[in-house]
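What follows is a short report on a single structure.
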Amino acid sequence: MLETRQLAQAIIDNVGRVIVGKTEAVRLTVIGLLCQGHILIEDVPGTGKTVLAKSLARSLGCSFNRIQFTPDMLPSDVTGVSIYNQKTQEFEFRPGPVMAQIVLTDEINRATPKTQAALLEAMEERQITVDGVTHPLPKPFMVLATQNPIEYEGTFPLPEAQMDRFLMRISLGYPAPEDEMRMLEEQKLVHPLENLEQVVGVEELIEAQRAVRRVGVSQEIKQYIVDVVNATREHEDLYLGASPRGSLALFRMAQARAALDGREYVLPDDVKALAVAALAHRLIMSSAARVREVDAREILKRLLRMVPAPGGEIV
C-alpha cells in the first residue's frame, strides 16, 4: 500500500498547489479517482469547482473535456453523432465531449432530463451507444459534475437514478481568510494552473486502482456498512434510503481511504469518515421532513452515533 499512498499523496500535493486550503476536498476527490467513481460537486459559484477538475486532469496527464450544460442542449451534444459521408457512402461516428478520461459536466442541473440521461450509460457502463453502435470510453474515465445549490430557476433536479451513480457528493466551500490572501498573492501574475505538471502516469493510476481493491475488509466492517445503510431505509424521516450501490460505494471508498493512510485493512473510522459523502445524496426525504427542513447529512450523522461500530479483529 506504500506505493499507492505515495502516488495518491503526489496527486493531492500537486492539486493543492492550485486548490488552496481544501485538502480534505482534494483528498476525497482522489479517493473517488482510486475507486473509479464519479463525483458531484455542489457549491456556490467561484469556489474552484472547474479548476479542481482541470488540476486533476493535468496532474494525471489525462485527456480533459468540459461540457457546459444548458437547457437547449441535446443528448447528441454529449455523446456524439453519426454523420453520413457522401464520399465513402457510409456513416461516420463523430465523438462528443464525453469521450475523454476526465470529463467536467458544468452546471449539470441546467440541462433537461433527456440530456442528463445521456450520461447514465457512460457513468455506469463506461460506454456510449449511438445509433445502435456501442463505443467504449477511455480508461481511466471519471465524471466530475458541478451544480449550483442556490439557483433554482431554469434548473432540472437530477433524478434519483443519476444521483445514485455518483460515488459521492462533496462541497469546497469558501476559503479561510488566510487562504484567500494566499490565493491573491499566488495569482498576482499568473494562475498556478498554467504551470501545473503531470506527476502520475495513467498506467500507474490504473495499477493503484487495482491495488485499492485488494485492501482487506473484515466481516465485522462489512456488517457495519450494511447496518448503516439499512438504518437509512428504516428511518421515519426518509422516504427512500440508500441503495445497494450506496453500500458498495461506501465499501470501496473505505478501502481507498485505508490505502491513502498506508494501511492494508479498513477501520470503522474509515466508514464513519466517508458515510456522509457517500450516502447523503442518495437519500430521499419524506414530505414531512422536507417541511421541517431536515437535512439528510444530519440524519446520517445521528445514525452513525446510534449504529454500534465493530471492535473485533481486523483481517
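The values are calculated or read from the model by the stated rules, or taken from the named source; none is laboratory data. Note that this is a predicted model, so its numbers are computed, not measured. Cβ placement follows ideal geometry from the backbone for every residue including glycine, while neighbour counts extend to all protein chains displayed.
Look at segment 52-86 and say how many of its residues are touching a residue at least 60 places away in the same chain (Cβ under 8 Å) and either in contact with a Pro (Cβ under 9 Å, 6 or more places away or on another chain) or crowded, with 23+ Cβ neighbours inside 10 Å (or both). Residues flagged as touching a residue at least 60 places away in the same chain (Cβ under 8 Å) and either in contact with a Pro (Cβ under 9 Å, 6 or more places away or on another chain) or crowded, with 23+ Cβ neighbours inside 10 Å (or both) within segment 52-86 amount to 8. Considering only segment 274-293, how many residues are surrounded by fewer than 17 Cβ atoms within 10 Å (Cβ to Cβ) and either touching a Leu at 6+ places or on another chain (Cβ under 9 Å) or within 18 Å of Tyr224 (Cβ to Cβ) (or both)? The total comes to 2. Against the numbered list (1) in contact with an Asp or Glu (Cβ under 6 Å, 6 or more places away or on another chain); (2) free of Cβ contacts under 8 Å to residues at least 12 places away in the same chain, Ser171 comes up short only at (2). Residues in segment 111-122 include none that are in a loop (DSSP other than H, G, I, E, B), free of Cβ contacts under 8 Å to residues at least 24 places away in the same chain and not hydrophobic (A, V, I, L, M, F, W, C).
Which one of these is closer than 23 Å to Leu34 by Cα, among the hydrophobic types (A, V, I, L, M, F, W, C) and either in contact with a His (Cβ under 8 Å, 6 or more places away or on another chain) or without any contact (Cβ under 8 Å) to a residue 12 or more places away in the chain (or both): Phe166, Phe141? Among Phe166, Phe141, only Phe166 is closer than 23 Å to Leu34 by Cα, among the hydrophobic types (A, V, I, L, M, F, W, C) and either in contact with a His (Cβ under 8 Å, 6 or more places away or on another chain) or without any contact (Cβ under 8 Å) to a residue 12 or more places away in the chain (or both).
So that you can scan it fast, the table gives a plain yes or no per residue for (1) hydrophobic (A, V, I, L, M, F, W, C); (2) farther than 16 Å from Pro136 by Cβ; (3) at pLDDT 90 or above:
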{"residue": "Leu60", "(1), (2), (3)": "yes, yes, yes"}
{"residue": "Ser63", "(1), (2), (3)": "no, no, yes"}
{"residue": "Arg66", "(1), (2), (3)": "no, yes, yes"}
{"residue": "Thr70", "(1), (2), (3)": "no, yes, no"}
{"residue": "Asp77", "(1), (2), (3)": "no, yes, yes"}
{"residue": "Ser82", "(1), (2), (3)": "no, yes, no"}
{"residue": "Gln86", "(1), (2), (3)": "no, yes, no"}
{"residue": "Glu90", "(1), (2), (3)": "no, yes, no"}
{"residue": "Met99", "(1), (2), (3)": "yes, no, yes"}
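Listed conditions (1) over 26 Å from Asp269 (Cβ atoms); (2) not assigned by TED's automatic domain parsing to the domain that holds Ile19 are all met by Pro159, apart from (2).
Name every residue in segment 207-231 that is part of a helix (DSSP H, G or I) and either touching a strand residue (DSSP E or B) at 6+ places or on another chain (Cβ under 6 Å) or of a type in the set (A, V, I, L, M, F, W, C) (or both), in order of residue number.
Ala208, Ala211, Val212, Ile221, Ile225, Val226, Val228, Val229, Ala231
When the residues of segment 234-259 are filtered to those that are among the basic types (Lys, Arg) and in contact with a Leu (Cβ under 8 Å, 6 or more places away or on another chain), the one that is farthest from Leu7 (Cα to Cα) is Arg252.
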